[in-house]
Amino acid sequence: MGAIGQNIPHDSARGHVSGESVFIDDMLPARNEVFVDFAGSPVAHGEIVSIDTSEAIKVPGVVAVFTHPDVPGHNVFGPVVKDEELLAAKEVVFVGQPVVLIAAESRGALCAAKKAVKISVKALSPIFTIDDAIAKDSFLGPPRKIERGDVAGALTSAKHSFQGTLVIGGQEQFYLESQIALALPGERGQMTVHSSTQHPTECQSIISEVLGVPFNHVTVICKRMGGGFGGKETQAAGPAAMAAMVASKLRRPARFFISKDDDMRTTGKRHPFKMIYRVAHDDRGVITALDVQMFSDGGCTMDLSYSILERAMLHADNAYFIPNIRITGRVCKTNLPSNTAFRGFGGPQGVCNVENIIEEIAARLGIDAIEIRKRNLYGVDDRNTTPYGQIVRNNMLPKLFDELPRSAEYQRRRAEIDQFNRTSKTQLRGMSLTPVKFGISFTKKTLNQANALVNIYTDGTVMVSTGGTEMGQGVNTRVRQIVADELGIPYDSVIVTATSTDKNNNTSPTAASSGTDLNGAAARDACVKLRERLADYAATQLCTGEGGLNGSPSSVVFRDGFVFDDRAPNDRRMRFADLICRAYIDRVNLGERGFYATPGVDFNRETGQGHPFLYFTNGVACSEVLIDRFTGEMRVARVDLLMDAGQPINPGIDRGQITGGFIQGMGWVTTEELKWSLNGELWSHSPTTYKIPNISDVPEIFNVELLHNPDNAVSLYRSKALGEPPLLLGVSVWTAVKNALSYIAPAGEVATLDLPATPEQILMSLTRLVRGGASKVVARR
């Protein structure tokens, strides 16, 4: 039995539990190492008047302080648009923006020096909200549009139409390992940087630009991250460049680190959105037109905001065919830390809006929302083209909607909820079933490529390196499974080494749920080349003598650690290690580089049309909630989740991604609320003030199943990516809250609820509804 399809544990599981896994802060101090941190802006927006570091440099243990003139290369950088400053020069644009870089021999000295720096700023008027940005015409980049059909005509002629606004909050990535980097200066201006990053190549390029050296002078290494969730796709580059700059200036190893509080204060989050929509539908609840304006809060610089807005727009339809649709989008510029990637990358915000609309249609018509969803689903043979012109192939949505309501006993539980809400004076129950159709690929065509290096050693063991970075999602485990099966050797004979730009060049970030699809395919390509070469050797060079092989290369089989001719007797076989040893003696190349480029993906941003995704991952989740009518406190009582995973490479790891992603999404829509002061300072900057789900928040009943789907022929081993899609199913918890509130909504009124649905938000909504009319519960039809 091969490794692919098996529940092989994560390759770092034992190390994480035992404490043996090495993260950057676990790496032993190098000789003469200094610690690095920065002093930041005291205000959200202003002109720098003066910077006084005289007292800071006097602090015992402080080695040096640096400001923007000390940057040896370029002070301005950015992943897409170069609009970020390593150290602020003339203007500051958010509270805590790095202004002064400090190097010290102890963490205590570093902390004291930060307090001793005096930064004088002439305050300017800041912008903190999407509404203020719209009013002041403060945007990043031009508007974008995706459109199909006659939206205006359909809205005008519709029997039913309504409009609304949905405010969607941001979310902190809350990776356990804060931003950190260790820079080691080398010979002739070379630099090695260990960085907790999802994108070593981008770190390499930005460090090179900051230092003013060619790319080949910088090597970036990432063994593993203590979580990433998108927060280390672009924003690990700044800390890495700071460490490298200090190491270059002092010719001493430099370790950048910041506290969890400072990390949360100064790094970007999931983008808040404001959705303004108009929708038309018929008597059955079938949507005939949708016009939605999306406004995202990009923060102070572009970062990846444009691409995130684009993916939100591409997921505005979610799982539903809408014949007439117009989606427009703008990125708002505010004086908050530049918002960045987060698991789902805009997709969750786009999906949340249309699911909110579905709930409102159901409430207006008095029909269970599950029926509205079924009537609007993408079809298999027709009604299967997205607003941007891509056909939804291998569409499992109808099957998912057939199977989950049955296994979750939806109709029985709906009747129980109707009865409960009629009789309970203290609590409300709600239930909702929502789907996801998530596109898999980077929407920027260039990023859909990967390379891998596979080396076979003379004892038959294999070392693999790819551009994929491990942040707990299991990409290295899956790559090991792929290589083991392709070469026909045991899983334990393969290891995946640290990701490093000196072995894998010009790599894409580990993001967009494509880590295994890209890097696993590149590793497979290398293995195929090696296997073909070894088959030629086995067939032609070892065809004589006792125990030798017979036949052509096409008859040579690699399986279970042996190499044999599938037409020969079982005793005519050779150990893989023996073949490798003999191949080495005969000077056969035992190393290979593989490459993969995703075929058939392209998207024209100007026209809003194209084929941006290789395939779609689908899933459905049914969530039930219980709400206290007097406090707004909410508990998730049960979740049933069914995911189309194709044919999983590792079902166990896939289940981990599904459950973890769902709970993270549940946190976003319920408890994770970002709170800012009137001066633009983040108040919720620690676990005491920012509530992520804990073990007690996990539903007591949590059923997760994988749908068997062997027909996804376009992907690696017919598997489907699952890094991000399950998070979007967390929206079902929020819509379940809306469903509960609908039971007490007065006739003709729809329960409104912004996101996240904190107890405070729920209580305010309850209060509005009760004051708006008699609290008479109406059973869902």
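The values are calculated or read from the model by the stated rules, or taken from the named source; none is laboratory data. Since the structure is predicted, the reported quantities are computational estimates derived from the model, not experimental observations. Cβ atoms come from the backbone with ideal geometry, glycine included; neighbour counts cover every protein chain shown. Side chains included, ligands, DNA and RNA excluded: accessible areas come from the protein's heavy atoms. Shrake-Rupley method; radii C 1.70, N 1.55, O 1.52, S 1.80 Å.
Of note:
- The listed residues TYR584, TYR690 rank as TYR584, TYR690 when sorted by accessible area, largest first, using a 1.4 Å probe.
- Protection proxy ranking for 738-744, 273-279, using the average of other Cβ atoms within 10 Å per residue and placing the highest first: 738-744, 273-279.
- R0 of 30 Å, Cβ-Cβ distance ALA415-ASN384: FRET efficiency to nearest 0.05: 0.35
- Förster-model FRET efficiency, 22 Å R0, ASP697 and PHE630, C-beta, rounded to 0.05: 0.60
- The Cα trace of segment 1-145 gives Rg and Dmax of 21.8, 69 Å, the first to one decimal, the second as a whole number.
- Over segment 449-597, Cα pairs under 8 Å with separation of 6+ residues give a relative contact order of 33 percent.
- Over segment 61-150: Kirkwood hydrodynamic radius from C-alpha pairwise inverse distances, Å: 16.6
- For segment 157-194, the residues whose backbone nitrogen is under 19 Å from a point 7 Å from the Cα of LEU28, taken along Cα to Cβ, are 182-185, 194.
- Subtracting the Cα-Cα distance of LYS136 and ALA637 from 0.36 nm times their residue separation leaves 175.9 nm of extension gain.
- Of the solvent-accessible surface of the chain, computed with a 1.4 Å probe and all protein chains present, 52% belongs to carbon and sulfur.
- Both radii were evaluated on the Cα set of segment 449-597; the Rg over Rh quotient, with Rh as the Kirkwood radius, amounts to 1.02.
- Between the amide H of VAL34 and those of ALA254, ARG255, distances stay under 5 Å, these residues lying 5 or more places away or on another chain, with hydrogens modeled in the peptide plane.
- The value of relative contact order for the chain, using C-alpha pairs under 8 Å at least six residues apart, is 15 percent.
- Contour excess over end-to-end distance, with Cα ends at GLU749 and LYS425 and 0.36 nm allotted per residue: 114.6 nm
- Think of a 1.4 Å ball rolled over the protein heavy atoms: the chain then has 38 Å² of accessible area per residue.
- Rounded to whole numbers, the Karplus 3J(HN,Hα) couplings from phi for segment 515-531 are x, 6, 3, 7, 6, x, 5, 5, 5, 4, 4, 5, 5, 4, 5, 5, 5 Hz, using 6.51 cos²θ - 1.76 cosθ + 1.60 with θ = phi - 60°, and x at Gly and Pro.
- With eigenvalues of the C-alpha gyration tensor scaled by 5 and rooted, segment 307-406, Å: 27, 17, 13
- Per-residue extension of 0.36 nm, minus the Cα-Cα distance of SER157 and GLU91, leaves a gain of 18.6 nm for this segment.
- Applying both filters, DSSP loop and at most 14 other Cβ atoms within 10 Å, to the GluC sites (Glu not before Pro) of segment 406-478 gives GLU409.
- The Cα center of segment 192-240 and the Cα center of segment 1-61 differ in position by 12 Å.
- Whole-number Å³ per residue for the convex hull built on Cα positions in the chain: 167
- Per-residue Karplus couplings for segment 413-418, computed as 6.51 cos²θ - 1.76 cosθ + 1.60 with θ equal to phi - 60°, are listed in order as 5, 4, 5, 5, 5, 4 Hz, Gly and Pro entered as x.
- Cross-link table LYS444/LYS720; LYS58/LYS118; LYS223/LYS720, entries beyond 22 Å C-alpha to C-alpha: LYS223/LYS720
- Computed log₁₀ I(q)/I(0) - Debye formula, equal Cα scatterers, no solvent, segment 217-354, q 0.14, 0.15 Å⁻¹: -0.74, -0.80
- Using alpha carbons only, the radius of gyration of segment 672-748 set against its Kirkwood radius gives Rg/Rh = 1.12.
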